[in-house]
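Trainee: Take a look at the following structure, please.
Please treat every number below as a calculation from the coordinates, not as lab data. What you see is a predicted model, and the numbers here were worked out from it, not measured in a lab. A quick note on method: Cβ atoms are made from the backbone with ideal geometry, for glycine too, and the neighbour counts reach across all protein chains shown.
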Amino acid sequence: MSLAVPVRAVSHILHRIAVTLRLVWYNLTCFVFFRPLPFSTTIYGRIRLLHRPCRLKIGRNCRIGDDTYFATSLTSTIEWGDDVTVNMGCVFVAIDSIRIGKNTAIAEYVSFRDQAHEMAEGRGVRGQGYKSGPIEVGENVWIGRGAYIGAGTQIGNDCVVGANSVVHGTFPPGVLIAGAPARVRKVLIPSPEADAALAEAREKSAS
């Protein structure tokens, strides 16, 4: 009889033990003063937190990739729905709020920042303050590697965001968004809103 099956089974058990212990550790040291992570959460490696307790509301069955970074103020929140998957190296920085809808998948190194530095002529950005706006990402969205989601962005359900896109603005459900700056490139689920957004994007590209 091959040893491959028992070795694989033992490896799986040890992995589950490690994941559970990591979750307990983060809840005890980081989240106990705000809202604990559900025990259905899977954490793959380290989570980095700018402030503790960090104001996170994580749904059931979420997966958090290695080296994910969270930063909130004393009043802002970062909220995920159920079954959200976030790959390694993603960044969530909120001074208002960031909301991710259920069943959304986010590839590695995606950055969500609901604020941007003010900029005055002849001065650097330090000490000039911020302009901000809540970020809302709908359900069943797929965001490709290295995208940037900026202040005030609203992305509807069932959208796809292309890799390395720089996204600002409001986008209807069921469209492909890509580019820097990002625009609607294709209708994935036909609707009057989606068709109008694609026509507007094509008009801007032609001008």
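Trainee: By how many nm would the segment from Ser205 to Val125 lengthen if fully extended, with 0.36 nm per residue of separation less the alpha-carbon distance?
Mentor: 25.7 nm
Trainee: Hey, what angle do you get for helix 4-26 against the long axis of the chain, alpha-carbon based, 0 to 90 degrees rounded to 10?
Mentor: For helix 4-26, the angle is close to 70 degrees.
Trainee: Compute the longest continuous run of the chain that contains no exposed chymotrypsin sites (Phe, Trp or Tyr not before Pro); treat a site as exposed when its DSSP state is not H, G, I, E or B and it has at most 12 other Cβ atoms within 10 Å.
Mentor: The reported range is 40-207.
Trainee: Follow-up question, since we're still on this one. Given a Förster distance of 30 Å, report the FRET efficiency between Asn61 and Ala163 from their Cβ-Cβ distance, rounded to the nearest 0.05.
Mentor: 0.75
Trainee: At 0.36 nm per residue, minus the direct Cα-Cα distance, what do Arg145 and Met88 gain on full extension? Give it in nm, one decimal, please.
Mentor: Extra length available between Arg145 and Met88 comes to 19.5 nm.
Trainee: Select from Pro190, Gln115, Ala105 the residue farthest towards the positive end of the dipole of the stretch 81-207; place +1 on Cβ of Lys and Arg, -1 on Cβ of Asp and Glu, and compute about the Cα centre.
Mentor: Gln115
Trainee: Then there is this: What translational diffusion coefficient, to the nearest whole µm²/s, does the stretch 124-207 have by Stokes-Einstein, given a Kirkwood radius computed over alpha-carbon pairs, a temperature of 10 °C and 1.306 mPa s viscosity?
Mentor: Translational diffusion coefficient: 120 µm²/s.
Trainee: With each label point set 7 Å from Cα along the Cα-Cβ vector, what nm distance links Arg48 and Glu193?
Mentor: 3.5
Trainee: Between Ala180 and Arg8, what is the FRET efficiency for a Förster distance of 45 Å, r being their Cβ-Cβ separation, to the nearest 0.05?
Mentor: Computed FRET efficiency for Ala180 and Arg8 comes out at 0.55.
Trainee: What GluC sites (Glu not before Pro) in the stretch 36-144 are in a loop by DSSP, with at most 10 other Cβ atoms within 10 Å of the Cβ?
Mentor: Taking the stretch 36-144 and a limit of 10 other Cβ atoms within 10 Å, the loop GluC sites (Glu not before Pro) found are Glu121.
Trainee: What's the lysine pair count for the chain at a Cα cut-off below 24 Å, pairs eight or more apart or interchain?
Mentor: 4
Trainee: Per the helix-only calculation at 222 nm, which mean residue ellipticity applies to the chain, given -39500 (n - 2.57) for every DSSP H run of n ≥ 4 and division by its residues, nearest 500 deg cm²/dmol?
Mentor: -6500 deg cm²/dmol
Trainee: Quick one: longest stretch of the chain between exposed loop trypsin sites (Lys or Arg not before Pro), exposed meaning at most 11 other C-beta atoms within 10 Å and loop per DSSP?
Mentor: Here the longest segment lacking exposed loop sites spans 1-122.
Trainee: Once the chain is represented by equal point scatterers at the alpha-carbon sites, with solvent omitted, what log10 I(q)/I(0) does the Debye formula produce at q = 0.17 Å⁻¹?
Mentor: -1.13
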